[in-house]
Amino acid sequence: MVTLSVIKADIGSLPGHVRAPSKLVDRVRGVLEDGKSDGVLIDYYVGCCGDDIDLVMSHDHGVDSEEVHSLAWDAFQEGTEFAKELGLYGAGQDLLSDAFSGNVKGLGPGSAEMEFDERESEPILVFLCDKTSPSAFNYPLFKMFADPFSTSGLVLDPSLHEGFDFEILDYYEGDTATLSCPEEMYDILSLLGIVSKYSIESVSKKDGRPAAVVSTEKLNLMAGEYVGKDDPVAVVRCQSGFPAVGEALEAFSFPHLVPGWMRGSHNGPLMPVSEEDATPTRFDGPPRVVALGFQLNNGKLEGPRDLFDDPSFNTARKKANEAAEYMRNHGPFQPHLLSEDELEYTTVPKVLEKLENRFK
Ligand code: 13P
Ligand code: 13P
Ligand code: MG
Ligand code: MG
Ligand code: MG
């Protein structure tokens, strides 16, 4: 069995929330290099999407491994010290506590992990987002694993034909339910469409093999007030019983509207970009998604290929820019502005509190 762990955090950026500078990424990488030399990791890649640093790590310690989580935590701690020295904006932004106790969960960083038997050939995609929430993956993961108009293999490939199970998280209760697709497709959609409440946590084959996993930590729910967006990551296995690489990517060809963008308080289109173009600048956005493709080879990460660095996604980017323009013209009005129940967890409640006795 091999485990792929993606653990991510925003520990500082420049200017403002645009981009983690490469010397900060280098510093974090150094800690993982030591972890590899010490035998904690088989291999690693340090990715970056906007102001978020994403640690892609392969190892054989299983999910929730204290060794791996503490290595990631150390990397972010050391990075935070350096970010402070550099005077970066939001140095240590996502590290909500300094008391590490075996697992990064609940401490601010996001994590998406899966353990599986490596197949003879194991193509894996890692999606990295900035300026959005875990529920940004609801729409594309549904398309990937449930929509035959997007994933032709659901119709054409006998090994996909039985469909997939979706594990869905209720953010506010903290509980998950597993629903079977296509049998319960309409029930699944009635939950996934409510992106402020439900998020896909994982997808699996009907025999239980993991297919996809999302980092579902909600920073604002953890911290009780707005401390930046969660900026999720997802891992997706491809080919031979899973969607083809091109089918997984096809799910991002329509830049759907996601919550996030400026101050985490606006809906905007999710733009698929290369790692280099993951520099959200217009109104701190629009929200971005990067796709890194690897082949696992006895746990070694061959790659990555930067998959949205391709002209076939130019139309999606153009559409995203048009949608961004359209949404921006709403200024502070809904539906560009998030709904009130989502703003509940940002700064607006303070304004409403202040004005409370002005309502007669
Ligand atoms: P190739 O012939 O390029 O391997 O393509 C196979 C395929 O099924 C692509 O979706
Ligand atoms: P980040 O979560 O990417 O730091 O975004 C915070 C923000 O408020 C951007 O406007
Ligand atoms: Mg930030
Ligand atoms: Mg971010
Ligand atoms: Mg964030």
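The values are calculated or read from the model by the stated rules, or taken from the named source; none is laboratory data. All values derive from a computational prediction rather than experimental measurement. Neighbour counts are summed over all protein chains in view; Cβ atoms, including those assigned to glycine, are modelled from backbone coordinates with ideal geometry. Heads up: the accessible areas ignore ligands, DNA and RNA and are worked out on the full protein's heavy atoms, side chains in. Shrake-Rupley method; radii C 1.70, N 1.55, O 1.52, S 1.80 Å.
Key figures for this structure:
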item: 5 angstrom amide H check on Arg19, placed H, neighbours 5+ away; result: Leu14
item: Sulfur and carbon atoms: percent of accessible area, the chain [1.4 Å]; result: 50 percent
item: Proximal lysine pairs, the stretch 1-115, alpha carbons under 18 Å, eight or more residues apart or interchain; result: 4
item: Max mean-square fluctuation residue, GNM over the chain, Cα-Cα springs under 10 Å, options Leu32, Leu96, Leu41; result: Leu96
item: For the stretch 162-167, 3J(HN,Hα) per residue [Karplus equation, 6.51 cos²θ - 1.76 cosθ + 1.60, θ = phi - 60°, Hz, x = Gly/Pro]; result: 6, x, 9, 9, 10, 9
item: Of the DSSP H helices in the chain, those whose Cα atoms cover at least 24 Å axially and whose Kyte score averages -1.0 or more; result: 66-85
item: Accessible surface, the chain, averaged per residue in Å² (probe 1.4 Å); result: 42 Å²
item: Of the GluC sites (Glu not before Pro) in the stretch 199-256, those whose Cβ has at most 16 other Cβ within 10 Å and which sit in DSSP loop; result: Glu225
item: Among Lys350, Lys84, Lys300: highest mean-square fluctuation, GNM of the chain, C-alpha pairs under 10 Å; result: Lys350
item: Packing-based ranking, highest mean first, of 53-60, 353-360, 228-235, 207-214 given that Cβ atoms within 10 Å are counted; result: 228-235, 53-60, 207-214, 353-360
item: Spatially proximal lysines relative to Lys205 (Cα-Cα < 22 Å; intrachain offsets below 8 disregarded); result: Lys143
item: Radius 9 Å from Cβ of Gly102, net charge of other residues (Lys, Arg +1; Asp, Glu -1); result: -2
item: Phe100, Phe333, ranked by accessible area, largest first (probe 1.4 Å); result: Phe333, Phe100
item: Kirkwood estimate for the chain, i.e. one over the average of 1/r between Cα atoms, Å; result: 20.5 Å
